[in-house]
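K.L.:
Before anything else, here's the structure in question.
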Amino acid sequence: MSLLHEFFHYNNWATQQLIDYCQQQSPIILKEIVVATDRSILHTLTHLIGSEQEYLEELMGEKITTPVRQGQLLTLEEIADRSEQLMVDWEKMLERIDQIDITIPADGSWPETPHGQNVLFLQAMQHGIDHRTQIYTTLSMLGLEPPKIDGWSYWLAEHRSGS
């Protein structure tokens with residue numbers, strides 16, 4: 001597995017760990033506001049999935065079949081389904097990464113960016129880590145013990161057999 005594939009596999013794995021954990025909690029927990037934001041856990045997960053879909057659309061140059069619409073709040077089941085589909089879509093896109101070279105057009109304070117796929121990959125990773133950490137912190141502050149979603153835990157879960 002290439003390093004880039006590994007990063008996106010980790011990204012999806014960590015999100016799925018939180019989704020699975022949240023599915024075992026009271027629905028009340030999903031309404032808790034994520035620390036230092038104005039969003040609930042459910043809103044944050046919806047935002048995370050929607051943003052990844054947007055990054056993929058930008059990279060692939062085509063629309064996602066079931067995009068998250070502005071202001072939409074997905075159910076946890078919808079989030080889980082779309083998260084699974086995102087992993088499939090990321091894998092497809094990564095198979096042709098060497099053929100992708102996009103320029104992000106200038107937009108307001110953002111300059112035109114040649115080889116924009118690099119910043120989109122970077123942003124997808126950072127964005128996911130940031131929001132998963134907010135959710136993890138919120139769950140911890142509620143006295144819960146969320147699943148470990150760090151790189152070490154991912155590696156043990158996915159590569160324990162030495163693959």
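The values are calculated or read from the model by the stated rules, or taken from the named source; none is laboratory data. Nothing here was measured: the structure is a model prediction, and the numbers come from that model. Backbone-built Cβ (ideal geometry, glycine too); neighbour counts: all protein chains shown.
K.L.:
Could you please let me know if Thr37 is touching a residue at least 24 places away in the same chain (Cβ under 8 Å) and buried (at least 19 other Cβ atoms within 10 Å of the Cβ)? Break it down stepwise before answering.
P.N.:
Working: touching a residue at least 24 places away in the same chain (Cβ under 8 Å): yes; buried (at least 19 other Cβ atoms within 10 Å of the Cβ): no.
No: the conditions fail for Thr37.
K.L.:
So, one more: Could we say that Ile135 is under 30 Å from Gln24 (Cβ atoms), β-branched (Val, Ile, Thr), in contact with a helix residue (DSSP H, G or I) (Cβ under 7 Å, 6 or more places away or on another chain) and modelled with pLDDT of 95 or more here? Quick ask: steps written out before the conclusion?
P.N.:
On the way: under 30 Å from Gln24 (Cβ atoms): yes; β-branched (Val, Ile, Thr): yes; in contact with a helix residue (DSSP H, G or I) (Cβ under 7 Å, 6 or more places away or on another chain): yes; modelled with pLDDT of 95 or more: yes.
When the stated conditions are applied, Ile135 passes them.
K.L.:
If you don't mind, another one. Taking the stretch 106-128 only, how many residues are surrounded by fewer than 12 Cβ atoms within 10 Å (Cβ to Cβ) and polar (S, T, N, Q)?
P.N.:
2
K.L.:
Is there a residue in the stretch 55-69 that is in contact with a Gly (Cβ under 8 Å, 6 or more places away or on another chain), assigned to a helix (DSSP H, G or I) and within 13 Å of Asp89 (Cβ to Cβ)?
P.N.:
yes
K.L.:
A further question on this structure: Is it the case that Glu91 is of a type in the set (D, E, K, R) and within 16 Å of the chain's Cα centre (by Cα)? Explain how you work it out, then say what you get.
P.N.:
Working: of a type in the set (D, E, K, R): yes; within 16 Å of the chain's Cα centre (by Cα): yes.
Yes.
K.L.:
For the stretch 65-98, how many residues are in contact with a Lys or Arg (Cβ under 9 Å, 6 or more places away or on another chain) and either surrounded by 13 or more Cβ atoms within 10 Å (Cβ to Cβ) or of a type in the set (Asp, Glu) (or both)? Lay out the reasoning, then the answer.
P.N.:
Taking the stretch 65-98 and keeping what is in contact with a Lys or Arg (Cβ under 9 Å, 6 or more places away or on another chain), we get 66, 68, 74.
Within this subset, residues satisfying the condition of being either surrounded by 13 or more Cβ atoms within 10 Å (Cβ to Cβ) or of a type in the set (Asp, Glu) (or both) are 68, 74.
Qualifying residue count for the region: 2.
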